[in-house]
Amino acid sequence: MKNRDSSILYLVLGIYALMINWYYNHNLILLLLGYIFWPLYLIYELLTGGLSAGMWKEIPLSYFK
């Protein structure tokens with residue numbers, strides 16, 4: 001059961017990284033690269049401040065407005 005819990009978290013973080021990528025880029029090629037290397041892209045966005053100032057919650061909400 002522990003393996004399944006971690007795979008659900010992995011899926012959710014992957015979808016979140018793709019949402020961030022599409023929000024900033026709107027490019028299918030970069031989305032494909034983000035899909036392949038999403039853990040690195042998510043770390044990159046965290047380190048560069050792309051998710052600061054409330055953007056970590058504003059980006060997902062922008063898809064459901």
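Since every read-out is calculated from the coordinates, none of them should be taken as a lab result. All values reported here derive from a predicted model rather than from experimental measurement.
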Query - Mean ellipticity per residue at 222 nm, deg cm²/dmol - from DSSP H runs of n ≥ 4 across the chain, formula -39500 (n - 2.57) - result: -25500 deg cm²/dmol
Report summary line: Rh (Kirkwood, all Cα-Cα pairs) for region 1-55, Å, reads 11.8
